[in-house]
Amino acid sequence: KGLERTLDQLVGIGSVKNIYYLLENPELDFLSKETIVGPFYMLGLTIQDASVGKDLYLLRMKSYRATMGEVASDYESVTILDPSPYLCDQESCFAYKDGNFLYADDDHFSVFGASYIAKKISEEIF
């Protein structure tokens with residue numbers, strides 16, 4: 001209901017022509033720093049897989065994504081933007097891109113990650 005009220009207000013502003021809503025990014029099940037190769041890497045004790053299954057992300061977000069799609073479908077000027085194509089492949093969502101951390105913790109983008117996703121989303125918008 002809060003989102004609907006917000007969208008109603010934005011749509012009511014004559015100068016607002018397009019509204020973009022960016023869906024939640026995939027959450028990691030770990031901190032990015034936990035994947036850094038440590039001194040015991042050879043023993044396999046300190047390294048984790050630097051990804052989370054895309055199926056898990058989609059399962060966690062199923063209700064949220066469906067609700068957002070339903071609400072947005074009532075507004076012609078609202079476009080839902082999905083970050084997952086830029087953060088995931090068919091099977092996994094990743095903690096790194098181009099050798100850099102995408103996340104500062106398990107859910108929030110790092111400076112690099114924010115810049116990376118902003119560039120990708122702005123290309124989609126413009």
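The values are calculated or read from the model by the stated rules, or taken from the named source; none is laboratory data. Computed from a predicted structure; not experimentally measured. Cβ sites come from the backbone with ideal geometry, for glycine too, and all protein chains shown count toward neighbours. For accessibility, only protein heavy atoms count, side chains too; no ligands or nucleic acids. Shrake-Rupley method; radii C 1.70, N 1.55, O 1.52, S 1.80 Å.
Some points to look at:
- Residue 104 being more than 22 Å from residue 3 (Cα to Cα) and under 11 Å from the mean Cα position of the chain (by Cα): no
- With respect to (1) closer than 30 Å to residue 11 by Cβ; (2) open to solvent by 40 Å² or more (accessible area, probe 1.4 Å); (3) within 13 Å of the chain's Cα centre (by Cα), the lone exception for residue 123 is condition (3).
- Among the residues of segment 79-118, those that are in contact with a Gly (Cβ under 9 Å, 6 or more places away or on another chain) and closer than 30 Å to residue 16 by Cα comprise 80, 87.
- Residues in segment 98-115 that are of a type in the set (Ser, Thr, Tyr) and either at pLDDT 95 or above or open to solvent by 70 Å² or more (accessible area, probe 1.4 Å) (or both): 115 only.
- Residue check for residue 95: without any contact (Cβ under 8 Å) to a residue 24 or more places away in the chain and open to solvent by less than 70 Å² (accessible area, probe 1.4 Å): no
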